[in-house]
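Everything below concerns the one structure shown next.
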Amino acid sequence: MGGPAKIGNDVRMAEEPTWPGQYIIDRAEAYRTPTWTMSKLAWGTKLRDMPSKLDIWYALPSGKWGSLNQLFGTATRDVIMDMHNELYGKRKVPDTCVFNDFGPIAIRWYKDLNRNKVLDGKELVSGQMFHTTPDNEAEAALGLPVRLMPSHGCIHLKPSDRNRLFAIGAFKQGTSFTVHKYYERHKNN
Amino acid sequence: MNVIKIISSRTRVLLLMGIYFSASGGAIANSVFISPLGEKVDSELDSISVSLNSENGWLLGGYKEEEDGNNVPYISLVPIDGAKARYWPLTEGYASQLFEREGESYVLLSTGKTLKIESMEISLADFQFKPNSLLVTDEPELIACTKIGWAKLSSSTIASCYRVDGAWDIDVYWTRMDVPPKVCGGDLKVLVSSDRQRKWEVLVLDQKTGKQLSSKKVDKPEVAASICQL
């Protein structure tokens, strides 16, 4: 499921349509961005509950631990446990981060302006991407029906569809795909 | 005196940095925390998030951890006179702040409901906040601001500041959790942002009416900057 057909009103970042066009897959990555609080940490980052310090520690690439309170600039433990309760029905600090808004892996694409199937020149990786969401990952993990929600412009995938598309090679670098306009409909021949 | 400031920041940090856990092999672990006055307070809570030195004793908000790792939110009152502590499990939300008003002690829950502690008993109080509120000041009126959701798909996309008695309520795009709204020199100051957090502005609001008294454009504040200094 993509973004809304018209620009939305989320003051944090307005929802936008998934822009129609022909694109090329560039790469798949565990995406991080400071734009969204929960996406400062990559999915799967190791976490350690520190109740005596009212903090949560997260694993740094160096092997040391960082303070989530410091990263977010506020007390985090109550909120993180509450979010985990909403998603998985247990109020606890999970062993790994399951809150990144872009899920475990985001598939990035670009518009191939010079049609050479290589990201080069003035081409930029799009801010819109394929990804799952924490809600859908939790639903899938718990065996519940997965309900897709409209995005801010990205294309939300069900975890099972993400896996299937990976398995058939749809997200290999250089793969071409088309985002159709909202009013366009698939026709069976 | 800004009681909320003390509860939310100073006491919260000082008290809880002093928590340590006693050895326990049972399902219920006892913890002891050191108050700012240096006294040790025994508690069955496994972790304590908020605390208030009330007239009746130490009022605590925290959790008991179950064997499966689930943390059950609790309110606890540890009497001054050494009487047995009381524990009340919460069925919804968690204790986000504790405050006093007109001699009574209250618990603000993350759901927006408030609980009143009276004569060692707990009951639902009349004050109704919005969910995920931060109580900014409790005198002369209760003024709170809602916290915007941390998740991208959160339903809480608009933050607001309001007087709990309903006298005023305004939308303000308050996003920096490390720079919370505060009362400075008698007025409410709120840091807001626009244009995908590229522009920053400090709004000064009248506590009584919510009317915007002034606004000032500022550079992106440092982490944990004091709103009163901006």
inquiry  = Over the Cα atoms, compute the radius of gyration (one decimal) and Dmax (the largest Cα-Cα distance, rounded to a whole number) for segment A:33-189, in Å.
reply    = 18.5, 65
Out-of-range pairs (alpha-carbon distance over 23 Å; input A:181/B:199; B:64/B:182; A:64/B:182; B:130/B:182; B:64/B:113; A:6/A:172) = A:181/B:199; B:64/B:182; A:64/B:182; A:6/A:172
inquiry  = Residue by residue through A:8-15, how many Cβ atoms from other chains fall within 10 Å of the Cβ on average?
reply    = 5
key: Protection proxy ranking, peptides A:101-113, A:40-52, average beta carbon neighbours within 10 Å, highest first   = A:101-113, A:40-52
note = For segment B:120-170, the Kirkwood Rh over every pair of distinct alpha carbons, in Å, works out to 12.1 Å
task = Find how many whole Å separate the alpha carbon centroid of segment B:93-143 from the alpha carbon centroid of segment A:151-185.
result = 47 Å
query = Rounded to the nearest 500, what is chain A's calculated 222 nm mean residue ellipticity when only DSSP H runs of at least 4 contribute -39500 (n - 2.57) each, over all residues?
reply = -5000 deg cm²/dmol
Positive-end extreme of charge dipole, the protein assembly as shown - chosen from A:1, B:158, A:38 (charges on Cβ) = A:1
query = Spin-label point model (7 Å from Cα, Cβ direction): what's the residue A:125 to residue B:220 distance in nm?
reply = 1.9 nm
task = Have a look at the protein assembly as shown and give its Rg and Dmax from the Cα atoms, expressed in angstrom.
result = 23.9, 83
ask   = If the chain between residue B:178 and residue B:198 were fully stretched, how many nm would it gain, using 0.36 nm times the residue separation less the Cα-Cα distance?
value = 5.5 nm
request  = Quote the FRET efficiency, to the nearest 0.05, computed for residue B:37 versus residue A:27 with a Förster distance R0 of 51 Å and r equal to the Cβ-Cβ distance.
outcome  = 0.35
task = Would you please name the trypsin sites (Lys or Arg not before Pro) within segment B:133-205 that are DSSP coil residues with at most 16 other C-beta atoms within 10 Å of their C-beta?
result = B:196, B:198
inquiry  = Give me the inter-chain shielding for A:68-76: mean count of other chain Cβ atoms within 10 Å, whole number please.
reply    = 4
ask   = Which whole number gives the average count of other chain Cβ atoms within 10 Å of the Cβ atoms across peptide A:42-55?
value = 3
task = Round to the nearest 0.05 the FRET efficiency obtained for residue A:5 and residue B:128 when R0 = 35 Å and r is the Cβ-Cβ distance.
result = 0.40
ask   = Based on the Cβ-Cβ distance of residue A:170 and residue A:64, what FRET efficiency does E = 1/(1 + (r/R0)^6) give at R0 = 51 Å, to the nearest 0.05?
value = 0.85
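Computed from the coordinates by the stated procedures, all read-outs in this text should not be read as laboratory data. Model, not experiment: these values are computed from the prediction. So basically every Cβ, Gly included, is an ideal-geometry build from the backbone, and we count neighbours across all protein chains shown.
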